[in-house]
Amino acid sequence: MTDAVDAAETPTPRRKPKPEITTIAGREVKPSTLMMGHGYDPALSEGSLKAPIFLTSTFAFESAAAGKRHFEGITGQRPGGAEGLVYSRFNGPNQEILEDRLAIWDGAEDALCFSSGMTAICVLMLAFCSAGDVIVHSGPLYAASEGFVAKVLSKFGVTYVDFPAGATREELDAVLAKAGKQAADQGGKVAMIYLESPGNPTNALVDVEAVRDARDAAFGTGDNMVPIAIDNTFLGPLWQRPLDQGADIVVYSLTKYVGGHSDLVAGSIGGAKKWMDPVRALRNTMGGICDPNTAWMLLRSLETVELRMQRAGENAAKVCDFLQNHAQVDGLGYLGMIQDERQQDIYDRHCLGAGSTFSLFLKGGEDACFRFLDSLKIAKLAVSLGGTETLASHPASMTHLSVAHGRRQELGITDSLVRISIGIEDADDLIADFDQALEAV
Ligand code: PLP
């Protein structure tokens, strides 16, 4: 991978080809093109067209001086992070290539990969919170994210204030005022505004632009700016780019659309280096970086993420067109068929497509949903989403079972809700499957 250098004089040879090709004949190269080679130079790996999987726990330094310089970067004594490869809890070639390519989709300056979406979320929140601080978050959140804030961070003196997705600017102003007062009373600060949009499983959208304006008005944009993080798992990276609407940090469960084949678990965050650096430092300490094999699989997945998400999106539109008029169907939480004016306005400003995960409300409660799920023949009865295959589940009794019954009702996670993630099968086969399963209801 590396050439011998005089480490005291010369920077370590870069893993990345220089210069990276980002424009061709005056036009900007698109993310789908960059997924094939960005951040990897075959010449550094015996000409191997694809990056090898680097199964090593540690990396040999060119010299003691180079080792010292790398550790100055790792420990933060030298700004800008590690210049070279050090130890596989900190970094590795497969993970760095993955991070470079993930950053491209969101227009982020930097990205970090993790062993799961929840590891990404937990390390992110821990990096920004101290005792006495307040996290402001939208609802609903993925149940484990909500649980981490309410049940784990609370043990360390961090409290929260939540607000419903779709809250207006006026409502957000009131929420942030309340959070500011709560933080002052606790002797802390508002540490982070954490959003999930669309929310799992209802698809409720958060007005990120309004959150940014409310944040700027309440806490300013100076050195003590409160970061806005957003879980973009449901629509990203193709159908929504929240950094463009004023979010600072974008969060993913890569397990879903990015991985896309239901065969791995991973997560990531992306944003400006100033937001990534404290999280990288905590990841260096705690571990939680994605392993090289998973990073390699994600590189393969990223080559087709646009194709897969487009096809799944087209399929979802056809399936929902069929479902919306079915006698057994009480409603759809599909972003291509929004009924609410406020939600439609947010969608028009923030989203580039409706995606392929939606909620299906059946006439009848848990019994009807269970009969439907048990009758599916092509779609699989499993939690998770964003894979090549269609999945269906019952959030109230599965992913969101740990959410108190009252809060589930408040958030619209009723017993009649089935969550469906449409895959890339033939759309007419899926429609036939849903038709026969609805007959069974
Ligand atoms: N965020 C959302 C919206 C999710 O749906 C999930 C998992 O379902 C997660 C985060 C957690 O991701 P992981 O399962 O990769 O830890």
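Coordinate-derived values only; no laboratory data. Since we're looking at a predicted model, the values are computed, not measured. Here the Cβ positions follow ideal geometry from the backbone for every residue, glycine too, while neighbour counts run over all protein chains shown.
Return 46, 439, 314 ranked ascending by Cβ neighbour count within 10 Å, so the fewest neighbours appear first.
Working: 46 8, 439 11, 314 15.
By the 10 Å Cβ count, ascending, the order reads 46, 439, 314.
Pick out which of 187, 107, 260 has the largest mean-square fluctuation in a Gaussian network model of the chain, springs linking Cα atoms closer than 10 Å.
It is 187.
Among 151/178; 50/273; 256/318; 178/256; 30/318, which pairs are too far apart, with a Cα-Cα distance over 25 Å?
On the way: 151/178 21 Å; 50/273 28 Å; 256/318 21 Å; 178/256 35 Å; 30/318 28 Å.
As for pairs spanning more than 25 Å Cα to Cα, those are 50/273; 178/256; 30/318.
Report, to the nearest 10°, how far helix 64-74 tilts away from the longest principal axis of the Cα atoms in the chain, using its own Cα long axis and a range of 0 to 90°.
Helix 64-74 sits at roughly 30 degrees to that axis.
Which far-off residues, 5 or more places away or on another chain, put their amide H under 5 Å from the one on residue 91, with H placed in the peptide plane?
86
Working out 0.36 nm times the residue gap between residue 154 and residue 378, then minus their Cα-Cα distance, what length gain in nm do you get to one decimal? Working shown, then result.
Details: separation 224, 0.36 × 224 = 80.64 nm, distance 4.26 nm.
Additional length available on full extension: 76.4 nm.
If you place +1 on the Cβ of every Lys and Arg and -1 on the Cβ of every Asp and Glu, how big does the dipole about the Cα centre of region 305-439 come out, in debye to the nearest 20? Don't skip to the end; give the middle numbers.
Details: 12 positive and 21 negative charges, 86 e Å.
Using Cβ point charges on Lys, Arg, Asp and Glu, region 305-439 gives about 420 debye.
Test of understanding: ordering 213, 415 by Cβ neighbours within 10 Å, fewest first, what list do you get? Walk me through the numbers before you get to the answer.
Working: 213 15, 415 20.
With the fewest neighbours first, 213, 415 line up as 213, 415.
Mind checking which aspartates and glutamates have their Cα closer than 13 Å to the Cα of residue 189? Skip sequence neighbours fewer than 8 apart in that chain.
Straight-distance partners of residue 189: 133.
Over the Cα atoms of region 61-157, each weighted equally, I'd like the Debye log10 I(q)/I(0) at q = 0.13, 0.20 Å⁻¹, rounded to two decimals.
The Cα Debye sum returns log10 ratios of -0.64, -1.09.
Report, in deg cm²/dmol and to the nearest 500, the calculated mean residue ellipticity at 222 nm for the chain, where each DSSP H run with n ≥ 4 adds -39500 (n - 2.57) and the sum is divided by the residue count.
Value at 222 nm, helices only, nearest 500: -11000 deg cm²/dmol.
Which whole-number percentage describes the relative contact order of the chain, with Cα contacts under 8 Å and a sequence gap of 6 or more?
Values: 852 pairs, mean separation 67.0, N = 441.
Rounded, it is 15 percent for the chain.
Give me 269, 53 sorted ascending by neighbouring Cβ count inside 10 Å, so fewest comes first. Numbers along the way, then the final one.
On the way: 269 30, 53 17.
In increasing order of surrounding Cβ atoms, one gets 53, 269.
Using a/c under 1.5 as the rounded threshold, could you call the chain rounded, prolate or oblate? The axes a ≥ b ≥ c are square roots of the C-alpha gyration tensor eigenvalues, and prolate needs a/b larger than b/c, oblate otherwise. Mind dumping the intermediate values first?
Values: a/c = 2.05, a/b = 1.36, b/c = 1.50.
Oblate, since a/c reaches 1.5 and b/c is not below a/b.
Classify region 122-195: rounded, prolate or oblate, from the alpha-carbon gyration tensor (a ≥ b ≥ c, eigenvalue square roots; a/c under 1.5 rounded; otherwise prolate if a/b is larger than b/c)? Intermediate results must be reported in sequence, preceding the final value.
Numbers: a/c = 2.12, a/b = 1.15, b/c = 1.85.
Because a/c hits 1.5 or more and a/b fails to exceed b/c, region 122-195 counts as oblate.
Apply the a/c threshold of 1.5 to the C-alpha gyration tensor of region 117-254 and tell me whether it is rounded, prolate or oblate. Display every interim value, and only then the final one.
On the way: a/c = 1.58, a/b = 1.19, b/c = 1.32.
Note, shape of region 117-254 comes out oblate.
Over 5 Å intervals from 0, what percent of Cα-Cα pairs in region 276-366 sits in each interval?
2, 11, 14, 13, 13, 11, 12, 11, 8, 3, 1, 0
Using the Kirkwood radius built from alpha carbon pairs, what does the Stokes-Einstein equation give as D for region 305-439 at 37 °C and 0.692 mPa s, in µm² per second?
Details: Rh = 15.1 Å.
Result for D is 217 µm²/s.
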